[in-house]
Amino acid sequence: MVPTDPETIIMTTRRALIALSAAAVTCAATLLMAADTTTVTIDGFAFSPKKIVVKAGSAVTFVNRDGAPHTATATNGAFDTGNLGKGSEKTVTFDTPGTYGYICSYHPSMKGTVVVE
Ligand SMILES: [Cu+2]
């Protein structure tokens, strides 16, 4: 039913505006949350970016784009993606601030760093 009297039209418009504002806030929050996931790509026997800086509580996804299997294994034992075959990915959450060096356990010359602030 389409309202015709002016008061109802104003009320309906106000409600629509409030709904729009709420939607905008939800959108902004979603964008901020999305920024907290960082992707590290493994390609050509290298981690890229080699060094990332994230906020505590952030998730980091390691994606293997190589034909060869790789891992992202913390040198201090804090995390290990385990075997990542071609196209596989694994997400690790970093809750504690610090600097985490990691290597590929199959190819230890592959090195990367996650700095958690
Ligand atoms: Cu490797």
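Shown are 53, 40, whose ranking by accessible area with a 1.4 Å probe and every protein chain present, most to least, is 53, 40.
For the set 50/111; 55/111; 51/111, the pairs lying more than 19 angstrom apart at their alpha carbons are 55/111.
Database remark: amide H of residue 105 closer than 5 angstrom to the amide H of 71, 73 (H placed geometrically; neighbours at sequence offset of 5 or more, or on other chains; Pro and chain starts carry no H). 3J(HN,Hα) along the stretch 38-44, derived from phi through the Karplus expression 6.51 cos²θ - 1.76 cosθ + 1.60 where θ = phi - 60°, amounts to 10, 10, 10, 9, 9, 8, x Hz, with x in place of Gly and Pro. Taking Cα centre as origin and charging only the Cβ of basic (Lys, Arg, +1) and acidic (Asp, Glu, -1) residues, the dipole magnitude of the stretch 37-116 rounds to 160 debye.
The values are calculated or read from the model by the stated rules, or taken from the named source; none is laboratory data. What you see is a predicted model, and the numbers here were worked out from it, not measured in a lab. Using ideal geometry, Cβ is built from the backbone for each residue, glycine included, and neighbour counts are taken over all protein chains shown. SASA here: full protein model, heavy atoms, side chains in, ligands and nucleic acids out. Shrake-Rupley method; radii C 1.70, N 1.55, O 1.52, S 1.80 Å.
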